[in-house]
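Peer 1: Structure incoming, see below.
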2 protein chains.
Amino acid sequence: MATVWHCQAVTSASTAGAVRQGSLRELNLAVVLGRIATADRPPSRAAIASDTGLTRATVSAVVDDLIAGRLVVEAEPEPRAGAGRPARGLRLAGDGPAGLGLEVNVDYLAACVVDLTGQVRHHEMHRADLRPLSPGDALARLVELAGRARTAADRQGLTLAGATLAVPGLVDAHGLVRLAPNLGWREVDVPALLAGHPALTGTVADGPALTVDNEANLAALGELHATPGTASFLHVSGEIGIGAGIVLDGALFRGARGWSGELGHVPVDPAGPRCRCGARGCLETYAGQEAILAAAGLAGADLPADTAARRLADLAGAGDRATLDALRAAGTALGVAVSGVVNLLDLDTVVLGGGYATLAPWLRPPVAAELADRVLTAAWSPVTVRAAALGPESAAVGGAGSVVRRIITRPSGWLGRRE
Amino acid sequence: MATVWHCQAVTSASTAGAVRQGSLRELNLAVVLGRIATADRPPSRAAIASDTGLTRATVSAVVDDLIAGRLVVEAEPEPRAGAGRPARGLRLAGDGPAGLGLEVNVDYLAACVVDLTGQVRHHEMHRADLRPLSPGDALARLVELAGRARTAADRQGLTLAGATLAVPGLVDAHGLVRLAPNLGWREVDVPALLAGHPALTGTVADGPALTVDNEANLAALGELHATPGTASFLHVSGEIGIGAGIVLDGALFRGARGWSGELGHVPVDPAGPRCRCGARGCLETYAGQEAILAAAGLAGADLPADTAARRLADLAGAGDRATLDALRAAGTALGVAVSGVVNLLDLDTVVLGGGYATLAPWLRPPVAAELADRVLTAAWSPVTVRAAALGPESAAVGGAGSVVRRIITRPSGWLGRRE
DNA sequence: GCTATTTGTTCAGTGGTTGAATTAAATGGC
DNA sequence: GCCATTTAATTCAACCACTGAACAAATAGC
């Protein structure tokens, strides 16, 4: 049966569990694999040893385990100047375990497979209005995509080690979707609905564990995956609602209870228009999709998210005055809200994702202007604003990447289950 | 010579160092000591073993080390029902290592000593306007307080294991005070200025290490120390500027570069009055000390922070209309800014600290009202707003507590240096 | 071809946990 | 009052994983 977990928040060292004897090896597996994963070029055993302070003997033993577990392969001997026996480089295996990423959104389903090296090895998107469907029917369609993803993975010699499902809503620690307003879901027990499906309980012992998580969080992780260079940033997903994913030092920040990131209801002007949440002047009333469409004269069009952004981009590209004004106003409001976040959390990069990625050429300037004005440390080091590297597939890729990431940070889980 | 470190941000597991052979014991020392520190009542060795999954044999060995290192003592056998040999309880030693907390602020100096159990064993505050003094002169006065604190600690059988200095400004990772506007400090190398002083380099091998940190951060830690029940909260320090300390799961959140918490420049109304930072409508222009004083008709009084809050409280208590209105307006603005933070970070407790603690009876209602209106999850679980448990001494206590906390989370540092 | 050099492996040694057996100290039934 | 029972803590041989040094492998330079 598929087991379910939920990505844990960053916990302090004091709450960490006890260290058993075997934990030593577990931890060193993670340390060595982490070095191999983050190194610029395939490192040798000796280089890892001198970097980490471990003995070459220990590193060799650990690497043997990693190779036996299909997590690492030896690369071609890298040309090196000077004397000495040539090193054998180590890199992540491209044909070992892989992660399955799934997404249910308002107007599409998506599935993708990401291997250990971060390559997207399979990707499929299915456009359809999911709102009329029951959760069970929507998930049944998703399972079809998951089945094809599994087949594609098998054909490429990959073993799916876990799956993560992105949902646009609040998800609790057990994978229960508390509320996904734009899908019309409420208290949907996704793991229970997906429990029996063969596409998700397959070849690996125990089958791929399923994680359910918020779409904005996973989109931020997808961005981290696509551009591993920036380890800390704020990822803003502009869809019908506005979500934020906060990535710090390569890890997703989840807040105290895991429901962080409600950027859409950060106040922009306390005397502003009333929001559907009941308050006044939330960011969503200025920069939410409906607000932008209304300001551009497209009210009531009820377009799916992706189409709406493209439509606005087309109009703006054609020089439509009302659209340009609407985007500038939205960008300014977004900049005000985001500069509050940046002042508070001391970030230096803001990524415009979701529908905002498409609209970035018009949103970026006003957002950047507000940040330059309002961020206290902007004088020291300016805040970068850029469009997301991935499109709408970002959340699925981020979900698959989180599975892979989990293997890399805790390889013992994968190695242990191989027996 | 006094060595200097800076409290580290929470880092992900992947960046953790390699695990050497001895690390096993190091980690288990921390695990066992952590259990003893956080337990409600003195736990027995057997209880720790079954809680952590370690063997009773291992726990006994670890506890022996902790007792030998004066970190733990055996408590009186606790009365227990049923048969069996009575357990010997374990609790933190009250006469082992202790932390020294220091603070330089605009109108006072403070020093305090906190023992392992969290008890404040010594406290001294010296009121004086520090602004006319050079950094060197101010620190020279502080050293006098530190010397008396050391004497008091010695008399009580405590060994100072480290010191933390709170400064109202931006501090970098080396203890360099980049900018403390209200003190008039800029690029002050505090560790260098304090290096030679005997009060800070004393009986312990290597002397107490000195950490320099931001006052708002440490005040939040002080609050955590005083009320360990709430592990996640936002601590707002209202002084001349407005700082925020974010505590998550018992750990201080520092942001990407360690300069988080600039709540004072979170926008409240983008079209509001111009702030001294150059932007418009920052929280500081509504709820900063000067703004409240001006609105209450006390502009230009140039009162020290502590006095100003007390003066306003007196006037409000006497029913002064202008003051009551000023406080309500400030509270509303504060509530708007804080609800943005709470939406973003999903916190459930807000603590009013610094000068706001004195004014809490008048600030709390409007802040709570805004939070109830604006926080999305408020319907599920309401956000608590309360005054800080500690007064102005909070930062010094928090600093001393951070020294103690460091010993508890990494006891090997203390045990190692005893040789 | 020989030496210097660097990589990777082998192997005895050691630190620290493991698990079972043992001792210690109390309760409760008879 | 004595003994079986129960729980706490210690002791000790076994074992796991890291350590450090010696050794084998592979290359460049002379």
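Peer 1: Determine the relative contact order of region B:56-171: mean sequence separation of Cα pairs under 8 Å and six or more apart, normalised by residue count, in whole percent.
Peer 2: Value for region B:56-171: 25 percent.
Peer 1: Something else about it: Mind telling me which of B:72, B:114, B:19 comes out most flexible in a GNM of chain B, alpha-carbon contacts under 10 Å?
Peer 2: With Cα springs under 10 Å in chain B, the top fluctuation among B:72, B:114, B:19 is at B:19.
Peer 1: How many angstrom separate the Cα center of region B:20-74 from the Cα center of region B:341-368?
Peer 2: 38 Å
Peer 1: Averaged across the residues of B:29-36, what count of C-beta atoms belonging to other chains lies within 10 Å of each residue's C-beta?
Peer 2: 3
Peer 1: Still on this structure: Could you give the DSSP H helices of chain A that reach 24 angstrom or more along their long axis (alpha carbon positions) and whose average Kyte-Doolittle hydropathy is no lower than -1.0?
Peer 2: A:135-155, A:321-345, A:355-374
Peer 1: Now for a separate question. Add -39500 (n - 2.57) for each DSSP H run of 4 or more in chain A, then divide by its residues: what number comes out at 222 nm, to the nearest 500 deg cm²/dmol?
Peer 2: -12500 deg cm²/dmol, from helical runs alone.
Peer 1: What are the ³J(HN,Hα) values, in whole Hz, obtained from phi via the Karplus relation 6.51 cos²θ - 1.76 cosθ + 1.60 with θ = phi - 60°, for each residue of region B:171-180 in sequence order, with x given for Gly and Pro?
Peer 2: 10, 8, 5, 9, x, 7, 7, 5, 7, 10
Peer 1: Still on this structure, I have one more. Can you give me the solvent accessible area of residue A:284 with a 1.4 Å probe, rounded to the nearest 10 Å²?
Peer 2: 20 Å²
Peer 1: How crowded by other chains is A:229-236, given as the mean number of beta carbons from other chains within 10 Å of each beta carbon?
Peer 2: If you average over the peptide's residues, the count of other-chain Cβ atoms is 1.
Peer 1: Mind checking how much accessible area B and A bury in total, 1.4 Å probe, in Å² rounded to 100?
Peer 2: 5300 Å²
Peer 1: Comparing the chain by itself with all protein chains present, which residues of region B:309-343 are at least 10 Å² less accessible (probe 1.4 Å)?
Peer 2: Residues shielded by partner chains are B:336, B:340, B:341, B:343.
Peer 1: Taking each pair of different alpha-carbon atoms in region B:335-419 once, compute 1/r for the pair, average those values, and report the inverse of that mean as the Kirkwood hydrodynamic radius in Å to one decimal.
Peer 2: 15.0 Å
Peer 1: Along each of the three principal axes of the Cα atoms of region B:144-198, give the extent in whole Å, ordering the values from largest to smallest.
Peer 2: If we take the Cα atoms of region B:144-198, the spans are 38, 20, 17 Å.
Peer 1: Another one. Of the residues B:21, B:289, B:119, which exhibits the maximal mean-square fluctuation in a Gaussian network model of chain B defined by a 10 Å Cα contact cut-off?
Peer 2: Comparing B:21, B:289, B:119 in the GNM, the peak value goes to B:21.
Peer 1: Let me ask something additional. Between residue B:322 and residue B:133, what FRET efficiency follows from the Cβ-Cβ distance if R0 is 35 Å, with the result rounded to 0.05?
Peer 2: So the FRET efficiency works out to roughly 0.50.
Peer 1: Using protein chains only and a probe of 1.4 angstrom, how many square angstrom of residue A:185 are accessible, to the nearest 10?
Peer 2: Solvent-accessible area, nearest 10 Å²: 10 Å².
Peer 1: Next up: Grab the beta carbon distance between residue B:57 and residue B:299, set R0 = 60 Å, and tell me the FRET efficiency rounded to 0.05.
Peer 2: Efficiency for this residue pair is about 0.30.
Peer 1: Can you work out the Karplus-derived ³J(HN,Hα) for every residue in region A:181-192? Use 6.51 cos²θ - 1.76 cosθ + 1.60 with θ = phi - 60°, whole Hz, and x for glycine or proline.
Peer 2: x, 6, 8, x, 9, 8, 6, 9, 8, 4, x, 5
Peer 1: Further, regarding this structure: Given contacts defined as C-alpha pairs under 8 Å and at least six residues apart, what's the relative contact order of chain A, whole-number percent?
Peer 2: Value for chain A: 18 percent.
Peer 1: Go ahead and set up a Gaussian network model of chain B, Cα springs under 10 Å, then flag whichever of B:287, B:322, B:163 fluctuates most.
Peer 2: In this elastic network of chain B, the residue with the biggest mean-square fluctuation among B:287, B:322, B:163 is B:322.
Peer 1: Taking every pair of distinct Cα atoms and averaging 1/r, then inverting, what Kirkwood hydrodynamic radius in Å comes out for region A:228-388?
Peer 2: Answer for region A:228-388: a Kirkwood hydrodynamic radius of 15.7 Å.
Peer 1: Per the 1.4 Å probe, what fraction of the accessible area of chain B, in percent, lies on carbon and sulfur atoms?
Peer 2: 52 percent
Peer 1: How much area per residue is accessible in the protein assembly as shown when the probe is 1.4 Å and only protein heavy atoms are counted (Å²)?
Peer 2: Using a 1.4 Å probe on heavy atoms only, each residue of the protein assembly as shown averages 39 Å².
Peer 1: Okay, moving on. Relative contact order for region B:154-199: what is it in percent, counting Cα pairs under 8 Å that are at least 6 residues apart?
Peer 2: After rounding, I find 22 percent.
Peer 1: Evaluate peptide A:373-384: per residue, the Cβ atoms of other protein chains within 10 Å of its Cβ; return the mean as an integer.
Peer 2: Across the residues of A:373-384, the mean count of other-chain Cβ atoms within 10 Å is 4.
Peer 1: Where the centroid of each part is defined by its Cα atoms, how far is region A:218-286 from region A:93-152 in Å?
Peer 2: What the calculation gives is 24 Å, centre to centre.
Peer 1: Please give the direction-averaged projected area of the C-alpha convex hull for chain A, in square nanometres with one decimal.
Peer 2: 23.1 nm²
Peer 1: Let me ask you something else. For the protein assembly as shown, go through all pairs of different Cα atoms, get the mean of 1/r, take its inverse, and jot down that Kirkwood value in Å.
Peer 2: 28.6 Å
The values are calculated or read from the model by the stated rules, or taken from the named source; none is laboratory data. Nothing here was measured: the structure is a model prediction, and the numbers come from that model. Neighbour counts are summed over all protein chains in view; Cβ atoms, including those assigned to glycine, are modelled from backbone coordinates with ideal geometry. For accessibility, only protein heavy atoms count, side chains too; no ligands or nucleic acids. Shrake-Rupley method; radii C 1.70, N 1.55, O 1.52, S 1.80 Å.
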